[in-house]
Amino acid sequence: MAEATAPPQDAVPQAGRRKRVYTQLWFWVLVGIALGIVVGLVAPGFAKQLKILADLFIQLIKVVIGPVIFCTVIVGIASLGNLARAGGLALRALGYFFVATVIALFLGLLAGNLVQPGAGFQGQPSQAQIDAATKSVETGSQESGLGAFLQNELFPTSFLQPFVDNKVLQVLVLAILTACSISFLSTRMRKTAVAAIDGIAKVIFGIIKIIMWAAPLAAFGGMAFTVAAFGASSLANLGMLMLTFWGTCAIFIVVVLGSVSAWAGFNVFKLIRLIKDELLIIVGTSSSETVLPRFLTKLESAGASRQSVGLVIPTGYSFNLDGTCIYLTLGALFIIQAGGEQLGVGAQIGLATLMVLTSKGAAGVTGAGLVTLAASLQAFGSEFFSPEAIAVGIALIVGIDRVMSEGRALTNAIGNCVATLVIARWSGELDRERLRAVLDDPSLVEDDMELHHGGGPAEEAAEGRDSTIPEQRTGDVVDDGAHREPAAR
C-alpha cells in the first residue's frame with residue numbers, strides 16, 4: 001500500500017526541468033502548419049500536391065495502430081488476472097459512450113434547428129464535387145444495420161485480417177479474447193506470456209518513435225492542401241455550416257465535457273493543455289488516428305491505469321465519436337434545408353436514433369464522417385433522402401469537409417481523453433494525486449513521452465527501465481502478483 005501512495009522517483013527532477021522550445025514537437029508542428037498556410041495561399045497549385053505528405057504519415061501510423069492496441073489491451077487485462085474487473089470497466093465505458101453519443105447527436109439537431117445553416121441556399125455543386133460525392137454515396141451504400149455491423153465491423157473473419165484491414169474493433173475483440181485466454185493460465189505462464197507481448201510492444205513503440213519525426217512534415221503538407229483546396233468554396237451557407245459546426249463542438253467541449261470533467265475532479269482546459277501536442281498534430285493531419293499511440297502513453301503517465309487506458313481509448317475510437325455525431329445530425333439537417341424541405345420533430349428523433357448505430361465503427365480518418373453521413377441518410381429511407389438528393393447534398397458539403405473533419409477529429413480526441421479519465425475515476429483506476437500534479441505541470445510526462453515517442457535525453461536517463469508504457473501508477477501488478485490499490489479515491 002505504501003508504495004502506491006509514494007510519488008514516482010523520477011517525478012521530482014523532471015518537474016523543475018524546462019526544455020528549449022525548439023526541441024519540442026508542438027513547436028515544429030506549429031512551424032509546419034504556418035508554412036503550410038503560406039504555401040497554400042501563395043502557390044495553391046503546388047500546395048494541392050503536398051497532400052501526399054499527410055496521407056503517407058497517416059498510412060505509416062495506421063500500420064502500427066493494430067499491433068499497439070493488440071499488445072496494450074492484452075498487457076492491461078492479462079496482467080490483472082481478474083476478468084471480472086476488466087468486464088466491469090468495459091461495461092462502464094460502453095454506458096458512458098452511449099450517453100455521450102446521444103447528447104452529441106441531439107446537440108447537432110438543436111444547432112441545426114436554431115441556426116438553420118442550409119435555409120435559403122441558392123448555389124449548385126460543381127461537377128467535381130458531384131463526382132466526389134458519388135464515391136462517398138457508393139461507399140456508404142453497403143449493407144447497414146445491427147446485423148451487418150456485428151458481422152462486418154465487430155467480429156473478425158480471421159486472426160490476421162483485422163490487422164491487414166486496420167479494423168480497430170476487430171483487433172480489440174481479438175485482443176480481449178487473447179487476454180482472457182492468457183488470464184486462464186497459471187500465474188507463472190501468465191507472467192511469461194505478458195512479458196513476451198510486452199517485449200513486442202517495445203519494438204512497436206520504437207517504430208512509432210521513428211515515425212513521429214515526420215509529424216511536422218505531415219502537418220505542413222496537410223495544411224497546405226487544406227488552404228489551397230478550400231479557397232473557392234466560401235459560399236455563405238457553407239460558411240455558416242462550418243461556423244455552426246465548430247461552435248457546436250466548442251459548446252460540447254466546454255459545457256458537456258467540462259461538466260463531466262468537473263464531476264470527475266479535473267479541469268478540461270488543463271487536460272487540453274496537457275494534450276496540446278497531439279491536438280496540433282490532428283489539426284495538421286485531420287486525423288485522430290495519428291495520435292492514438294501517444295494518447296495511450298500520455299494518459300497512463302498522467303495517472304490512469306493501464307487497463308483503463310488500454311480498453312477505453314481503442315474502444316472510444318469506434319464507439320465514442322462525439323464530433324462525428326454532431327456532424328451527422330447537423331449535416332443531415334443542412335442537406336434537408338438546402339433542398340428547401342423541412343424534417344419534422346418525430347422524423348428528426350428517428351434519424352438521431354438510427355445514427356446512434358451508424359455512428360459506431362466510423363474510423364478517425366479524413367473523409368470517414370462524409371461516408372458515414374451518406375450511409376446514415378441512405379439507411380433512413382428514400383422517403384426523406386433519395387439517392388439523387390443525397391448525392392447533391394453530399395456534393396455541397398464535400399468542398400469544406402476537410403475543414404470540418406479537423407473539428408470532428410479534435411472533438412473526438414478530446415472526448416476520448418475525457419472519457420478515459422472519467423471512467424478510470426469511476427472505476428477506482430485513477431491516481432488523482434498524480435493527475436492533479438500532471439495537469440498543473442504537464443512537463444511531468446515529458447520523459448515518458450520522449451522515451452516512447454521521440455528521442456532525447458530521457459532515453460539515456462531511462463535506460464534499463466523495464467516497461468513498454470510508463471511504470472503503472474494505479475491498478476498495475478507488482479512482482480508478487482498483488483494488485484496495487486489506487487493512491488486516491
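The values are calculated or read from the model by the stated rules, or taken from the named source; none is laboratory data. Since this is a predicted model, take the numbers as computed values, not measurements. Every residue, glycine as well, gets a Cβ built from its backbone with ideal geometry; the counts of neighbours run over all protein chains shown. Side chains are part of the model used for accessible areas, which takes the heavy atoms of the whole protein and leaves out ligands, DNA and RNA. Shrake-Rupley method; radii C 1.70, N 1.55, O 1.52, S 1.80 Å.
With a/c under 1.5 counting as rounded, go ahead and sort region 174-229 into rounded, prolate or oblate using the C-alpha gyration tensor (a ≥ b ≥ c being the square roots of the eigenvalues; past the cut-off, prolate if a/b is larger than b/c, else oblate).
Cα axes put region 174-229 in the oblate bin.
Would you list 246, 26, 213, 426 from the most to the least accessible area, probe 1.4 Å?
Ranking 246, 26, 213, 426 by accessible area, largest first, yields 213, 426, 246, 26.
Is region 237-315 rounded, prolate or oblate when judged by the Cα gyration tensor, a ≥ b ≥ c being the square roots of its eigenvalues, rounded requiring a/c under 1.5 and prolate requiring a/b larger than b/c?
Oblate, since a/c reaches 1.5 and b/c is not below a/b.
Between residue 91 and residue 262, how many nm apart are label points set 7 Å from Cα along the C-beta direction?
Modelled inter-label distance: 3.1 nm.
Could you give me the ³J(HN,Hα) list for region 299-306, computed from phi with Karplus coefficients 6.51, -1.76, 1.60 and θ = phi - 60°, whole Hz, x at Gly and Pro?
Rounded to whole hertz, the list is 5, 5, 5, 7, x, 7, 5, 4.
For residue 192 and residue 213, what does the FRET efficiency come to when R0 = 25 Å and r is the distance between their Cβ atoms, rounded to the nearest 0.05?
0.15
First obtain the Kirkwood hydrodynamic radius of region 160-282 from its Cα pairs, then insert it into the Stokes-Einstein equation at 10 °C and 1.306 mPa s, and state the resulting D in µm² per second as a whole number.
81 µm²/s
Net charge near residue 260, counting Lys/Arg +1 and Asp/Glu -1 over other residues with Cβ under 15 Å of its Cβ?
Value of the local net charge: +2.
So for the pair residue 150, residue 341, with labels modelled 7 Å out along Cα→Cβ, what separation do we get in nm?
Distance between label points: 3.2 nm.
Each residue of region 50-62 in turn: what ³J(HN,Hα) in whole Hz from Karplus with 6.51, -1.76, 1.60 and θ = phi - 60°, glycine and Pro shown as x?
So the Karplus estimates, Gly and Pro as x, are 7, 4, 4, 5, 5, 5, 5, 5, 4, 4, 5, 5, 5 Hz.
Quick one: 3J(HN,Hα) in Hz for region 89-94, Karplus 6.51/-1.76/1.60 with θ = phi - 60°, rounded, Gly and Pro as x.
The phi angles translate into 5, 5, 5, 4, 5, 5 Hz.
Please say if region 209-342 is rounded, prolate or oblate, where rounded means a/c under 1.5 for a ≥ b ≥ c the square roots of the C-alpha gyration tensor eigenvalues, and otherwise the choice is prolate for a/b larger than b/c and oblate otherwise?
Oblate is the answer for region 209-342, as a/c is 1.5 or above yet b/c matches or exceeds a/b.
Report, by chain and number, residues whose modeled amide H sits under 5 Å from the one on residue 321, excluding near sequence neighbours (fewer than 5 apart, same chain).
Long-range HN contacts for residue 321: none found.
Rounding to the nearest 20 debye, state how big the charge dipole of region 269-316 is about its Cα centre with +1 on each Lys and Arg Cβ and -1 on each Asp and Glu Cβ.
180 debye
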